[in-house]
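Here the structure comes first, spelled out in structure tokens, and everything after it is commentary.
Just so it is clear, none of the values below were taken in a lab; they were calculated from the coordinates. It should be emphasised that the depicted structure is a prediction, and the values quoted were computed from it without experimental measurement. So basically every Cβ, Gly included, is an ideal-geometry build from the backbone, and we count neighbours across all protein chains shown.
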């Protein structure tokens, strides 16, 4: 199982993309976490923006498809897409993730 993080400009955009990825069975779930604030360098300036963070849960073999689809759907020129392997997962939850993302 993978946990994949990505940030979005607002909750509505995030929700639309999460729904698409769940519907396409690329991810089992996307948890939208509002209240993020990102400060970063972009085009020679320091930016300071409110964002929402999404924690996607998917089966490891789905990562390449998730990255490709997220790059196409995402409104940012260079979206944050970072994946972590889940070191320990409850068996029933892992089975649900595996069965929900193909």
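Of the residues making up the range 79-102, those that are outside any helix (DSSP H, G or I) and over 15 Å from the mean Cα position of the chain (by Cα) number 5. Annotation for the range 36-52: at least one member residue is surrounded by 11 or more Cβ atoms within 10 Å (Cβ to Cβ) and either under 11 Å from the mean Cα position of the chain (by Cα) or under 26 Å from residue 94 (Cβ atoms) (or both).
For the condition in contact (Cβ under 8 Å) with a residue 40 or more places away in the chain, in contact with a strand residue (DSSP E or B) (Cβ under 6 Å, 6 or more places away or on another chain) and either assigned to a helix (DSSP H, G or I) or surrounded by fewer than 15 Cβ atoms within 10 Å (Cβ to Cβ) (or both), residue 5 qualifies.
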